[in-house]
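Heads up: the structure comes next, in structure tokens.
The values are calculated or read from the model by the stated rules, or taken from the named source; none is laboratory data. Note that the structure is predicted; figures quoted are calculated from it, not measured. For neighbour counting, all protein chains shown are included, and Cβ atoms are generated from backbone atoms with ideal geometry for every residue, glycine included. In case anyone asks, the SASA skips ligands and DNA or RNA and just uses the protein heavy atoms, side chains included. Shrake-Rupley method; radii C 1.70, N 1.55, O 1.52, S 1.80 Å.
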Amino acid sequence: MTVVRPDTVPQQAPAATAPFPTGFLWGAATAAYQVEGAAAEMGRTPSIWDTFSHTPGRTLGGDTGDVAADHFHRYRDDVALMKRLGLQAYRFSVSWSRVQPTGRGPAVERGLDFYRSLVDELLLAGIKPVATLYHWDLPQELEDAGGWPERATAERFAEYAAIMARALGDRVGMWTTLNEPWCSAFLGYGSGVHAPGRTEPAAALRAAHHLNLAHGRATEALRANLPAAAQTSVTLNLHQVRPLTGSEADADAARRIDAVGNRVFTGPMLKGAYPEDLLADTERIVNWGELVRDGDLAAIAAPIDVLGVNYYTPTIVSTPASGAGDTRNDGHGSSDHSPWPGSEHVAFHLAEGRPVTAMNWSVKPEGLYDLLMDVSREHPELPLMVTENGAAFDDAPDADGRVHDPERIAYLRGHLEAVRRAAADGADVRGYFLWSLMDNFEWGYGYAKRFGAVYVDYETQLRTPKSSAHWYGEVIARHALPPEA
């Protein structure tokens, strides 16, 4: 059994001081490879992240997700902890290779049973399950066949979506197809800092299109197999792009990064077309006329019910002539290869001032407000949900074993106020999911970066709610931000 330190979330909350909209959903999120562990149990086969993390030099300290936070074995205790903290929803992802080990063919029932049990436990606790089909862990066998740059992967994904809808559709009412396909395409196949670690600009753009197609095909499969009331969504890490100066050159740099960082997905998904400037910026790299086939754009633009928005920090860009700037200082890891095909020359800058997080990301809550308002104005008919927001800090237990993280509380307060203000100003924001519920395997950074509201001792798997977890519980209980101490 997982040992959890007692928490102090109040049972009765004082009157609210800054209310959120009625029905606003409060949750927290994780991802399968980051928390589950049990990497080779009950039929699960390697994903690209298993292979990548076991390749020397790919992750900090050679860390892997073999055990991670051992959520596979401890999910009942973790759900009990969620309930004590007052969470209304839990956004989890499914390990594709746990339920369909080769990425094709019939499912492994033992793998499906884990997710059935997790969902049942959540429902018993009164917590809404929110399922993400793909959070970067492609079955290795599909990567061996070419991975996301190959069209067939999108078709396999639709088949997998149908399997999951049939298995959990009677109990899960909210589904997300992809989490941050930008990272899957451009960090996985462009800069190589994420699995599968390839550095091929053309493959990155091909992967982006096939991820778009996978989203569309999976949305169709979900609709065909889910009850009519179920909601479908996709989660995008939309870059809140700002030019460093008011120059025309920096404005063009921002346009370029907006195209390959945002509109490469929002264009086809929400408007049914790739933006012309993106096609022009990248025409020397990939032949879009051959890549995009008849019917693709209509499939990709399948209607969704909610758009998930992930935000951590703004993206500030310039041309190199605008001043000093490391062209790879974009917050997406260190590599000699760019994740920005067609715009490799653009320079990236940290926002001025402090504070910064342990990831060296600037803390700028106004960027989340601006992003939500921009998306709302562009797509006023589409409800939004903040599906990831949070920060890594160098947390450690004190002499009494408690974990105080006032920096994270300040981060969350600022960003939640930005969300509340956006909702008050007309953005249709339906909920907020803290990233992350607990400390976990932070991809290429291994276990060196802690995003969790719950501290995990990886040697003992002891869970300790941090001060921010208690604070977030108070926010949920109030449905409002508490007064500042």
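When Ile285, Ile316 are checked against the criterion of being at pLDDT 95 or above, touching a strand residue (DSSP E or B) at 6+ places or on another chain (Cβ under 6 Å) and either closer than 27 Å to Glu248 by Cβ or assigned to a helix (DSSP H, G or I) (or both), Ile316 stands alone in meeting it. The numbered conditions (1) surrounded by fewer than 21 Cβ atoms within 10 Å (Cβ to Cβ); (2) in contact with a Leu (Cβ under 9 Å, 6 or more places away or on another chain) are all true for Gly188 except (1).
Among the criteria (1) open to solvent by less than 10 Å² (accessible area, probe 1.4 Å); (2) closer than 17 Å to Leu25 by Cβ; (3) not in a strand (DSSP E or B), the one Gly367 does not fulfil is (2).
Residues of the range 270-289 that are of a type in the set (Phe, Trp, Tyr) and closer than 28 Å to Pro383 by Cβ: Tyr274 alone. Within the range 166-175, can one find any residue that is assigned to a strand (DSSP E or B), touching a residue at least 40 places away in the same chain (Cβ under 8 Å) and surrounded by 24 or more Cβ atoms within 10 Å (Cβ to Cβ)? Yes - at least one qualifying residue is present in the range 166-175. Consider the range 210-258 and keep the residues that are without any contact (Cβ under 8 Å) to a residue 60 or more places away in the chain and under 20 Å from Glu378 (Cβ atoms). The one that is surrounded by the most Cβ atoms within 10 Å (Cβ to Cβ) is Asp258.
Can you tell me which residues in the range 165-177 are of a type outside the set (Gly, Ala, Ser) and touching a Leu at 6+ places or on another chain (Cβ under 6 Å)?
Passing the criteria: Trp175, Thr177.
So that you can scan it fast, the table gives a plain yes or no per residue for (1) crowded, with 20+ Cβ neighbours inside 10 Å; (2) in contact (Cβ under 8 Å) with a residue 12 or more places away in the chain; (3) touching a Gly at 6+ places or on another chain (Cβ under 7 Å):
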residue	(1), (2), (3)
Gly105	no, no, no
Gly111	yes, yes, yes
Arg116	no, yes, no
Leu133	yes, yes, no
Trp136	yes, yes, no
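Out of Ala396, Ala392, which single residue is under 21 Å from the mean Cα position of the chain (by Cα), without any contact (Cβ under 8 Å) to a residue 60 or more places away in the chain and part of a loop (DSSP other than H, G, I, E, B)?
That would be Ala392, the only listed residue that is under 21 Å from the mean Cα position of the chain (by Cα), without any contact (Cβ under 8 Å) to a residue 60 or more places away in the chain and part of a loop (DSSP other than H, G, I, E, B).
Filtering the range 33-48 to residues that are open to solvent by less than 10 Å² (accessible area, probe 1.4 Å) and aliphatic (A, V, I, L, M) leaves Val35, Ala38, Ile48.
Quick check, is Leu412 under 24 Å from Ala469 (Cβ atoms) and open to solvent by less than 10 Å² (accessible area, probe 1.4 Å)? The answer is yes for Leu412.
Within the set Glu121, Glu141, Glu159, the sole residue that is in a helix (DSSP H, G or I), open to solvent by 10 Å² or more (accessible area, probe 1.4 Å), modelled with pLDDT of 95 or more and closer than 24 Å to Val234 by Cβ turns out to be Glu159.
Scanning the range 271-280 for residues that are surrounded by 20 or more Cβ atoms within 10 Å (Cβ to Cβ) and either among the acidic types (Asp, Glu) or not in a loop (DSSP other than H, G, I, E, B) (or both) returns a single hit, Leu278. Would the range 311-334 turn up any residue that is surrounded by fewer than 19 Cβ atoms within 10 Å (Cβ to Cβ), under 28 Å from Ala185 (Cβ atoms) and charged (D, E, K, R)? Within the range 311-334, one or more residues are surrounded by fewer than 19 Cβ atoms within 10 Å (Cβ to Cβ), under 28 Å from Ala185 (Cβ atoms) and charged (D, E, K, R).
Among the conditions (1) of a type outside the set (A, V, I, L, M, F, W, C); (2) open to solvent by less than 10 Å² (accessible area, probe 1.4 Å); (3) in contact with a Ser or Thr (Cβ under 8 Å, 6 or more places away or on another chain), the only one that Gln100 does not satisfy is (3).
Residues in the range 426-462 that are open to solvent by less than 30 Å² (accessible area, probe 1.4 Å) and acidic (Asp, Glu): 2 in all.
Filtering Leu278, Leu187 for residues that are among the aliphatic types (A, V, I, L, M) and under 22 Å from Ala298 (Cα atoms) leaves a single hit, Leu278.
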